[in-house]
Structures are given as C-alpha cells and as structure tokens.
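So the structure is just underneath, and the comments pick up after that.
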Amino acid sequence: MLIAVFLFAACNTKANGDKEKDGSFDDGLNYSVLMAKTVIDDYPDLWSIEGREEPKWTYTFGLISMAMLEVYEKTNDETFLNYAKYYANSLIEEDGTIKTYKQSDYNIDKLNSGKFLFDLYDITGEEKYKVAIETLRKQLDNHPRTEIGGFWHKKRYPHQMWLDGVYMGAPFYARYAVENNEPESLDEIAEWLINVEKVTRDEQTGLLYHGWDESRDQKWADNETGCSPHFWGRGMGWYAMALVDVLDYFPEDHEKYQSIVDIVNRLASAIVKYQHEEKGVWYQVVDQGEREGNYLEGSASSMFAYFLLKAVNNGYLPKDQYQDHAVKAYRGTIKHLIEIDPDSSLTITPVCAVAGLGGDPYRDASYDYYINEEKRDNDPKAVGPFILAGLEYEKLK
C-alpha cells in the first residue's frame, strides 16, 4: 500500500512554474479530483501537510481522509482509498488501539477522524476499524457536558462550547447512533445543535459567535451572554458543515428534524448577506468587510460553499433562493483563492492556520487576534472542505 502511494506521487511530480490565480473557472475541470491528487503528490505522508514528521490522530487528517474516500466513491480509483487507509493504518494497531489517542483528555476534536473509519470498515471488513470506532464512541459516555446540554469542547476548556466542536463530534455521533440503534443519542445531538445556536446567535446579524462560556469565567466571554466577541468565518463554517452532515442521519420524522433544517435556513440567510458581492467568498472576520487587516479566507469560503451546495442539493434550502449563492461561492473560491500550476495542481490560499479561545499563550478572541494568526497554504482545514464542495458542485451538472 505504501509503495503504491509513493509510486503515484513519483509519477505525478509537479512541473516547474509559477502559480497564479488567473480569475477563471473551467467547468470542464474536476477541481475536487485535482485537489485530491495535489495532496497525494505533495504529501505522500498525510501528516506532512502540517509539517509533522510522525502521524498523529487528529481531526485535520481525518477530514482529508474522509474527503479522499468521497473522491474514491466518485472515481473508483483506489489511489484515493489507499491514501486514507495508509493514514488509518499508521495509527490503528491490529487490535484496534489508536496510537496517540487518549480518551481521558475528553477532546471533542479527536472524534472527527472516526468518521472515515465507518467507510473503511464497510469497504474492507477489517475488525480493527470497528474496534477503533467503539473506542471513540466510549469517549462520549463520560465526556463533560454543559448544564443546558451540549459537550464541552475539551476537558481543559471547562464549561465551553465552540462552534468547531459541533462538527468534530456530532456527525460521528449521529452515524454511530443510526448504525447502532441509539435513538436517544439522536435526541442528544439535536439538543446540542439547537443549544449552540441558541446561545451563540446574534439576533441583529444572524451570525454566530465563535464560542460560549457557560461559567462566564473566561476573559474572552461577555459577562452577560458568555459569548466571545467576534464572528469567525471558519468557526461558523464548521458548524454549518455539521448541520448538513448530521442531517444525513436524521430521519425526517424525528421531532427535531425540522428544527435543524430551520437552523440551516437561518444560518444560510445570515451568511449570504456577508458574501463578497463580486468575488463570492468570505472574510476571516465575517462582518468586518474591508476593515484594515481583514482578508478573504480559504477555509471559511470552502466550508460555506460546501454547506450551501449540499443544502440546496438535499432540499434543505430553496433552490431558487440559494443555488446562485452556492455556485458563486464555489466558483469564487476557485477564481480568487486558488492558485493553479501549469500541471493543474492546486493551492488554496490564504488560509488561517489555526484559531482558538483561551489557552496558553492566551487567545483573547479580539479582532487583532483573528487577523494576525498564521496563514498557511493548502491547510487541510481548507483542502478537505474544498474537495467536498467540489463533489457537491458536480451533482448540479
């Protein structure tokens, strides 16, 4: 398997030449496949996309692996399957033990990589993937929860729910619940989604604040609302993707199904108001437009494109109101945030490398904090959603 991956990379070495954003979109190109091939060419070891020398069980690599399996499903090209398997097998022992994973951390991020294991198990029948899924599911039995309902982001971030965390945990939990007949778990997931919107949604703009501290202890938390002070694009992007992915598993007759669809509609209505009129993409701090230091950002734009495209394709959003926004978002990302090499490999840029709340050194969630965080080309938090958005776009043809 490893040899096959390296052979693929060797046969697809990038040609020399300067990258450029040419501002064009070619509907004859399959950009999702081109991006997936770019990742495999440039990063034969997936973890090297973040500059790591050793594999680690983390949400970003799970996101890329899931996207690769989606491309495999579309193309039937086992190169993409093998790439995802190579990452899984670098960390999952034959007895199902997940190297570098520690349940006692109660880190909701760690569940995201469990999603692609469902498909790997279905494809291969290898028991170790099922054991790993069960290990991750057990984390939720004792994962700390807020008093109103919803999981803490991490044990070391007590009483806090972040938008990011909903994507990390809810789709994994929902698929497990459906495949293992846990209707009560779907109820808990719905409560989580609904409560996060309830406590983070700004009534005036409809946008969602990045985080919420039930205790109001954090310096970034508003004393009255508990919310952080800004609308971070990728934070809302994570939550948006969680909504449409969770709905893959919710039966339409579930009592909270329509409540989740209603959240999809409220969030879509809010974000399209801040979509760049000409370019179709979004700023790092969504509502701050062209304020000094702000920039059009690759991960949020890819996530919102995916969210809108999937919501339109699946009928959660009215096609006549949102398809144009969805198409504009996807094409705009390619035109204005993608650099194209002569060999058709792709680079999405700029992408915020990381952003969080609290911690050490302390992240205060200020405007200056968000705009000054490191930027990184082809960060997996943009690459994965971009691939998924492309697959949804292809369904429109």
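Worth a mention:
- Filter result for Met168 (in a helix (DSSP H, G or I) and either under 24 Å from Tyr362 (Cβ atoms) or aromatic (Phe, Trp, Tyr) (or both)): yes
- Residue selected from region 315-328 under the condition over 20 Å from Met236 (Cα atoms) and of a type outside the set (D, E, K, R), by the criterion surrounded by the fewest Cβ atoms within 10 Å (Cβ to Cβ): Gly315
- Test: Tyr362 is under 23 Å from Asp213 (Cα atoms) and touching a strand residue (DSSP E or B) at 6+ places or on another chain (Cβ under 8 Å): no
- Matching residues, region 178-202, being of a type in the set (Asp, Glu) and touching a residue at least 40 places away in the same chain (Cβ under 8 Å): Glu179, Asp187, Glu191, Glu197
- Some residue of region 94-102 being assigned to a helix (DSSP H, G or I) and either crowded, with 22+ Cβ neighbours inside 10 Å or out of contact with any helix residue (DSSP H, G or I) (no Cβ under 6 Å at 6 or more places or on another chain) (or both): no
- Of residues in region 103-143 being surrounded by 18 or more Cβ atoms within 10 Å (Cβ to Cβ) and among the basic types (Lys, Arg), the one nearest to Lys56 (Cα to Cα): Lys110
- Per the conditions (1) at pLDDT 90 or above; (2) touching a helix residue (DSSP H, G or I) at 6+ places or on another chain (Cβ under 8 Å); (3) surrounded by fewer than 22 Cβ atoms within 10 Å (Cβ to Cβ); (4) assigned to a loop (DSSP other than H, G, I, E, B), the sole criterion not satisfied by Thr13 is (1).
- Residue ID - surrounded by the most Cβ atoms within 10 Å (Cβ to Cβ), chosen from residues in region 329-387 that are out of contact with any His (no Cβ under 8 Å at 6 or more places or on another chain) and of a type in the set (Ser, Thr, Tyr): Thr333
- Among the residues of region 344-391, those identified as touching a residue at least 40 places away in the same chain (Cβ under 8 Å), among the acidic types (Asp, Glu) and either outside any helix (DSSP H, G or I) or touching an Asp or Glu at 6+ places or on another chain (Cβ under 6 Å) (or both) are Asp364, Asp379.
- Residues (touching a Leu at 6+ places or on another chain (Cβ under 7 Å) and of a type in the set (Asp, Glu)) located in region 54-78: Glu70
- Condition check for Gly206: of a type in the set (Gly, Ala, Ser), in contact (Cβ under 8 Å) with a residue 12 or more places away in the chain and assigned to a helix (DSSP H, G or I): no
- Checked against the criterion of being of a type in the set (A, V, I, L, M, F, W, C), in contact with a Cys (Cβ under 9 Å, 6 or more places away or on another chain) and under 22 Å from Trp220 (Cβ atoms), the candidates Ala355, Ala300, Ala365 yield just one match: Ala300.
- Subset of region 219-274 (residues that are in a helix (DSSP H, G or I), over 17 Å from the mean Cα position of the chain (by Cα) and not acidic (Asp, Glu)): Tyr257, Gln258, Ser259, Ile260, Val261, Ile263, Asn265, Arg266, Ser269, Ala270, Val272
- Selection status of Val261, modelled with pLDDT of 95 or more, in contact with a Phe, Trp or Tyr (Cβ under 7 Å, 6 or more places away or on another chain) and not polar (S, T, N, Q): yes
- Residues being hydrophobic (A, V, I, L, M, F, W, C) and in a loop (DSSP other than H, G, I, E, B) - total across region 286-343: 1
- Of all the numbered requirements in (1) in a strand (DSSP E or B); (2) surrounded by fewer than 18 Cβ atoms within 10 Å (Cβ to Cβ), Met161 misses one, and that requirement is (2).
- Condition check for Tyr209: within 16 Å of Met161 (Cβ to Cβ) and modelled with pLDDT of 95 or more: yes
The values are calculated or read from the model by the stated rules, or taken from the named source; none is laboratory data. Please read these numbers as outputs of a predicted model, since none were measured by experiment. So basically every Cβ, Gly included, is an ideal-geometry build from the backbone, and we count neighbours across all protein chains shown.
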